[in-house]
Amino acid sequence: MKYLLGLLVIGALISCENKPKYVLPHLGYHEIATGEEEGYEKGDTIFDYIEEEFSFLTQDSLPFTNKDLEGKISIAKFFFTHCPTICPPMTGQMDKLAENTKDLSDKIQFLSFSIDPERDTVNRLRVYIDRHDITAKNWYFLTGEREAFVHKLGTQSFFVNAINEPNAEGGYAHSPHFILVDRTKHVRGVYDVLERDGKGAENLKRLEADIRKLLKEEYGENE
């Protein structure tokens, strides 16, 4: 996986016969298959995807690995429970999105990766969930991997900033974005849900619309 949002592959422009049509772009780098490869034919586009292996614990002390990204659409964010600035409103925005997509709860999942795993124990995550009155059953708060690894995962695999920053409030700096990942682990969108002048709310609505578009692309369902 690469560091930059960089190359947006606008899959919707692919309209060749027998080739898939994509309703959303694929973020990251891509290449064209020069011969038959596993799952691909010559000329197929091979899109970047989240290939890093990981193993976290959820708020229920259950394992959540990279394999759990497969088969469901994921909406992810990076946060830490002691965050005094953007984390609470980000959590509020994700809670709103979870409520607005309850009809899709068997096909999508929400992921909150802690970038401060040393302090964010499973018990601490449960306290945070209770404090914010979170009830969505398809929302997983994740901890347990090494801090440096989580920061690398955010930057390289999910295309959002997640770093240790002593000068930042709370000691960490991270992105206010939500990341939309399809059921084959391709990043399909990044959304600033705290953008000023009401644009954050607009971006949240756009994310919900994109989730429904992606479901139509992947499952052939109505928006």
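Output the relative contact order of the chain, whole-number percent, from Cα pairs under 8 angstrom with separation of 6+ residues.
Working: 405 pairs, mean separation 50.7, N = 223.
About 23 percent, as a whole number.
Under 5 Å between amide H atoms, partner at least 5 residues away or on a different chain: which partners does residue 111 have, H built in plane at 1.01 Å?
75, 76, 77, 140
In what sequence do 54, 178, 159 fall when counting other Cβ within 10 Å, fewest first?
54, 159, 178
Please give the residues of region 134-174, grouped as numeric ranges, whose backbone N is less than 15 Å from a label point set 7 Å along the Cα-to-Cβ vector of residue 55.
143-146
Quick one: what are the phi-derived ³J(HN,Hα) couplings along region 126-136, Karplus 6.51/-1.76/1.60 with θ = phi - 60°, whole Hz, x for glycine and proline?
So the J values, rounded to whole Hz, are 5, 4, 4, 4, 5, 4, 9, 6, 7, 10, 4.
Local charge sum around residue 54 (other residues, Cβ-Cβ under 11 Å, Lys/Arg +1, Asp/Glu -1)?
Residues close to residue 54 contribute a combined charge of -2.
With the contact rule set at Cα under 8 Å and sequence spacing of 6 or more, what percent relative contact order holds for region 90-143?
53 percent
Calculate, for residue 105 and residue 206, the FRET efficiency according to 1/(1 + (r/R0)^6) with r their C-beta to C-beta distance and R0 22 Å; round to the nearest 0.05.
FRET efficiency, residue 105 to residue 206: 0.65.
What whole-number value in cubic angstrom gives the convex hull volume per residue for the C-alpha atoms of the chain? Working shown, then result.
Working: hull volume 28.7 nm³, N = 223.
With only Cα atoms used, the chain gives 129 Å³ per residue.
I need the fraction of alpha carbon pairs in region 89-218 separated by more than 23 Å, rounded to a whole percent. Walk me through the numbers before you get to the answer.
Numbers: 2872 of 8385 pairs.
Above the 23 Å cut-off, region 89-218 has 34 percent of its Cα pairs.
Restricting to DSSP H runs of at least four residues, report the calculated mean residue ellipticity at 222 nm for the chain, -39500 (n - 2.57) per run over all residues, nearest 500 deg cm²/dmol.
Values: 4 runs with 51 residues, N = 223.
After summing the helix terms and dividing by residue count, I get -7000 deg cm²/dmol.
Enter the angle in degrees (range 0 to 90, nearest 10) between the Cα long axis of helix 199-219 and the first principal axis of the Cα atoms of the chain, meaning the one along which they spread out most.
Roughly 50 degrees between the two axes.
How large is ³J(HN,Hα), in whole Hz, for each residue of region 164-169 in order, when computed from phi with the Karplus curve 6.51 cos²θ - 1.76 cosθ + 1.60 and θ = phi - 60°, using x for Gly and Pro?
7, 9, x, 7, 8, 4
Kindly put 195, 53, 147 in sequence by how many other C-beta atoms sit within 10 Å of each C-beta, fewest to most. Each step should come with its number before you reach the end.
Working: 195 15, 53 8, 147 19.
Going from sparsest to densest Cβ surroundings: 53, 195, 147.
Enumerate the calculated ³J(HN,Hα) couplings along region 99-112 in order (Karplus 6.51 cos²θ - 1.76 cosθ + 1.60, θ = phi - 60°), each rounded to whole Hz, writing x wherever the residue is Gly or Pro.
Here the 3J(HN,Hα) series is 5, 6, 10, 4, 5, 10, 4, 7, 10, 10, 9, 10, 10, 10 Hz.
At a 10 Å Cβ-Cβ cut-off, how would you order 105, 74, fewest neighbours first?
Fewest-to-most ranking of 105, 74: 105, 74.
Here, each number is a calculation from the coordinates, and none is a lab measurement. This one's a predicted model, so the numbers in the text were calculated from it and none came from an experiment. Here Cβ is always computed from backbone atoms with ideal geometry, including for glycine, and neighbour counts include all displayed protein chains.
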